[in-house]
1. Run through region 1-84 and list the chymotrypsin sites (Phe, Trp or Tyr not before Pro) located in a DSSP loop whose Cβ has at most 16 other Cβ atoms within 10 Å.
2. Treating the angle as unsigned and between 0 and 90°, give the value, to the nearest 10°, between the Cα long axis of helix 3-12 and the longest Cα principal axis of the chain.
3. How about the chain: which trypsin sites (Lys or Arg not before Pro) there are in a DSSP loop, with at most 14 other Cβ atoms within 10 Å of their Cβ?
4. Can you tell me how much longer the chain between residue 86 and residue 65 gets when fully stretched, taken as 0.36 nm per residue apart minus their C-alpha distance, in nm with one decimal?
5. Taking the 0 to 90 degree range and rounding to the nearest ten, how far is the long axis of helix 50-59 tilted relative to the main principal axis of the chain, both from C-alpha atoms?
6. What longest range of the chain stays clear of loop-exposed GluC sites (Glu not before Pro) (DSSP non-H/G/I/E/B, at most 15 other C-beta within 10 angstrom)?
7. Taking Cα atoms, how many degrees apart are the long axis of helix 86-100 and the longest axis of the chain, rounded to 10 and kept between 0 and 90?
8. For residue 30, list the aspartates and glutamates whose Cα falls under 13 Å from its own Cα; do not include residues on the same chain fewer than 8 positions away.
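Laboratory data are not the source of any read-out in this text; all were calculated from the coordinates shown. All of these numbers come straight from a predicted model, not from anything done at the bench. A quick note on method: Cβ atoms are made from the backbone with ideal geometry, for glycine too, and the neighbour counts reach across all protein chains shown.
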Amino acid sequence: MTVNDIRALALSLPLAEEQPHFDRASFRVKGKIFATLPPEGERLVLKLPPMVKESLRQSDPDAVIPLPGAWDRGGWTQLAIGSIESAMLSDLIRLAWRQVAPKKLVQGEP
């Protein structure tokens, strides 16, 4: 999956917007960040449930890159884009969106 594919998928999710966040692009829903892309484009940071993050860490340790300081807590997960199959990465991006989107939006209510 390319950076352009990731951007297109993230922006296809309901109410998703792209905004700068320090030196990277961030993808938000209702102002809450669910994904960031660092400038070099080889990594992706997603807001995932801690159990999913731990499962990824155990099943594919090369795909999960530790984040500095407190960013490694609370489910924030840095992934090596080239180490994860496109279908799995797509699912993880959608899951990250669901983590921060309002419940009514996730449930498909207006």
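1. Answer in residue order: 22.
2. 30
3. 30, 73
4. Extra length from residue 86 to residue 65 when fully extended: 5.8 nm.
5. Taking Cα atoms only, the helix is inclined about 40 degrees.
6. On the way: sites that count: 40, 42, 85.
The longest uninterrupted stretch comes out as 43-84.
7. The two axes meet at around 60 degrees.
8. 17, 18
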